[in-house]
Amino acid sequence: MLILLERFLRKSSSSKKGPAKQAPSPEEAVSEIKNGDESRRDALIAAYSPYIAKLTSKFCKRYIDPKKDDEFSIALLAFNEAIDSFNASAGKSFLGFAKTVIQRRLIDYARKEKKHRQDVPYSVFDYESDDGAVYNIVETRQSIAAHEAGKAETARRLEIAELNGELGRFGITFQELVELSPKHSDSRELLISIAIQLAENVELAGQLRATGKLPVKDLMEAGSVSRKTIERNRKYIIAIAIIKSGNYPYMNDYLRVEKNDNKSLKEVSR
């Protein structure tokens, strides 16, 4: 970085008037550099140093001193990187391509520096597209995340309402289910495993929905548990079986978490 900066400072002191009238276009200069004429690189960087400084200052929303500010060094390296990676066949001008590379590198730099995270405003992450439209990368991503979170919350509440209606057919309220949820993880996992066996047995699950009655004898044999355990937790087993055999993706995800984290059903009903 220091070598490139020293070369720029040395060359720019004798090139403040910008490119000569007969100088090649940026695209032509880059082509000559790629063909081995490295002397063109220094000339091109020096000629467009005001452009690099202006673009960096605009991005940072403050004056950038080429001799003092790290941001200019980052932009200078990015311009040099653009020379090496520019592809004329892509149909984009070199300066437009260089601008994109510079902005990306400055964004990366700002994210990595702790001091930038603390005192640089969101406007630093403003990005100007080729058509002149300006948008903020951070705010755009946050808006998308908030929108998706809102959709998920709405879907979750609708799912809970639908489940509440189906449980009502069995005389079970969601609030009651919250109160009946076993407090000990071992007991909860046992009851969930019994309910899953019921849900995965098409015949028994169909019988449950058709009659509203729990096939106690079958569950005793399948789970090696007592009648007392099943009857005492009848409503909880039915509710879990309904969730596992129905179209309740959020509740099913919750049950997987519940099994590992010892949570209660109160959290999902909020």
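None of the figures in this text is laboratory data; all of them are computed from the coordinates on show. These numbers come from a predicted model, not from an experiment.
Measure up 112/151; 99/151; 183/213; 34/54; 34/67 against 30 Å on the Cα-Cα distance and list the ones that go over.
With Cα atoms farther than 30 Å apart: 112/151; 99/151.
Could you run the Karplus curve 6.51 cos²θ - 1.76 cosθ + 1.60 with θ = phi - 60° over the range 171-184 and give me ³J(HN,Hα) per residue in whole Hz, x for Gly and Pro?
After applying 6.51 cos²θ - 1.76 cosθ + 1.60, I find x, 10, 9, 5, 4, 5, 5, 4, 6, 8, 4, x, 7, 8 Hz.
If amide hydrogens are placed 1.01 Å from N in the peptide plane, which non-local residues have theirs closer than 5 Å to the one on residue 64?
Counting only residues 5 or more places away or on other chains, the set is 57.
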